[in-house]
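**Q** Okay, handing you the structure first.
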Amino acid sequence: MSRIRPLTLAILMVAWGACQALADGKSVNITHGVEAVEVSHQGKPVRIERNPDTENMLDPDYSLTSRPCPPFCIQPVSLGPGVETIGELEMLDYLKRVGRDASVLVIDSRDGDWPRRSGIIPGAVLMPWQELHPAHAETEKIAEILVLRFGATRQGGLWNFENARTLVFYCNGPWCGQSPTNIKQLLALGYPAHKLKWYRGGMQDWKMLGLTTVAPN
């Protein structure tokens, strides 16, 4: 036994060293087979990846657990029949289409200085939720966005959304009501539910996973 123990110890030390070397060189991938995703942001390529620092911590802005409700109330998983709630991988699929597929638009609904402090998701456009809300924006201004940004058309007093874009909304996270408010307003106008997507995790989950952000204009 005394002759076996040094050999066993040596084998264990070699194995531990090999495992440590593998751990030290391991990438913080998005998925097992995807290291990063390249998207178009304002006409320029941006690489979305996770922060490679395994000691990186969540931003203080997103570390609070008990924001007052209202207004920061927990949102439901589903905003309505036909409106798809998506996660990060589905969001990345839509972001890859931005710049190549004019039928998709990703919208950051946050207002105030949130976008400046935390950045926005690459490929998204900043459109504070008030710009689509009749209590905060003129009817004609909302109509301009529907036509010029979303691709809807008006026929008399009726809206036609047949060729309208698929809209992917997000805001600060499951406790944020800004993007849900926009989606509900659009549903009330007759925007097709299947053309409305909601990233419920929003910036809270995006930051929690260490994914890339960019500064807004």
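Computed from the coordinates by the stated procedures, all read-outs in this text should not be read as laboratory data. Every value quoted in this text rests on a predicted model; they were computed, and no experiment measured them. Heads up, the Cβs are rebuilt from the backbone with ideal geometry, glycines too, and the neighbour counts pull from every protein chain shown.
**Q** Hey, for a label at LEU126 modelled as a point 7 Å past Cα toward Cβ, could you say which residues of segment 200-215 have their backbone N under 12 Å away?
**A** In segment 200-215, the label zone of LEU126 (backbone N under 12 Å from the point 7 Å along Cα→Cβ) covers 214-215.
**Q** Still on this structure: Can you give me the long-range amide H partners of VAL28? Hydrogens built in the peptide plane at 1.01 Å from N, cutoff under 5 Å, separation of 5 or more residues or another chain.
**A** It is none; the list stays empty.
**Q** Taking θ as phi - 60°, what are the ³J(HN,Hα) couplings along segment 60-67 by the Karplus curve (6.51, -1.76, 1.60), each to the nearest whole Hz, with x for Gly and Pro?
**A** Values, residue by residue: x, 4, 10, 9, 5, 10, 9, 5 Hz.
**Q** Continuing with the same structure: Could you give me the ³J(HN,Hα) list for segment 97-108, computed from phi with Karplus coefficients 6.51, -1.76, 1.60 and θ = phi - 60°, whole Hz, x at Gly and Pro?
**A** 7, 4, x, 10, 10, 5, 7, 10, 9, 9, 10, 8
**Q** How much mean residue ellipticity at 222 nm does the chain get from its helices, if each DSSP H run of length 4 or more adds -39500 (n - 2.57) and you divide by all residues, to the nearest 500 deg cm²/dmol?
**A** Computed mean residue ellipticity for the chain: -8500 deg cm²/dmol.
**Q** Hey, can you grab everything whose amide H is under 5 Å from the amide H of GLU84? Only 5+ residues off in sequence or another chain; H modelled, so Pro and N-termini drop out.
**A** LEU196, TRP198
**Q** Using a Cα distance threshold of under 23 Å, what count of lysine pairs results for the chain when pairs must be 8 or more residues apart or interchain?
**A** The number of close lysine pairs in the chain is 12.
**Q** What FRET efficiency do you get for GLU138 and GLN42 if R0 is 30 Å and r is their Cβ-Cβ distance, rounded to the nearest 0.05?
**A** 0.65
**Q** Then there's this: Starting at the first residue of segment 45-53, write each ³J(HN,Hα) from the Karplus equation 6.51 cos²θ - 1.76 cosθ + 1.60 with θ = phi - 60°, in whole Hz, x for Gly and Pro.
**A** Here the 3J(HN,Hα) series is x, 10, 9, 8, 8, 8, 4, x, 7 Hz.
**Q** Starting from segment 35-130, pick out the chymotrypsin sites (Phe, Trp or Tyr not before Pro) whose DSSP state is loop and whose Cβ has at most 11 other Cβ atoms within 10 Å.
**A** In loop regions of segment 35-130 (DSSP not H, G, I, E or B), there are no sparsely surrounded chymotrypsin sites (Phe, Trp or Tyr not before Pro).
**Q** While we're looking at this one, here's another question. Taking H as built 1.01 Å from N, whose amide H comes closer than 5 Å to the amide H of THR166, not counting residues under 5 places away?
**A** Amide H neighbours of THR166, under 5 Å, 5+ apart: VAL104, LEU105.
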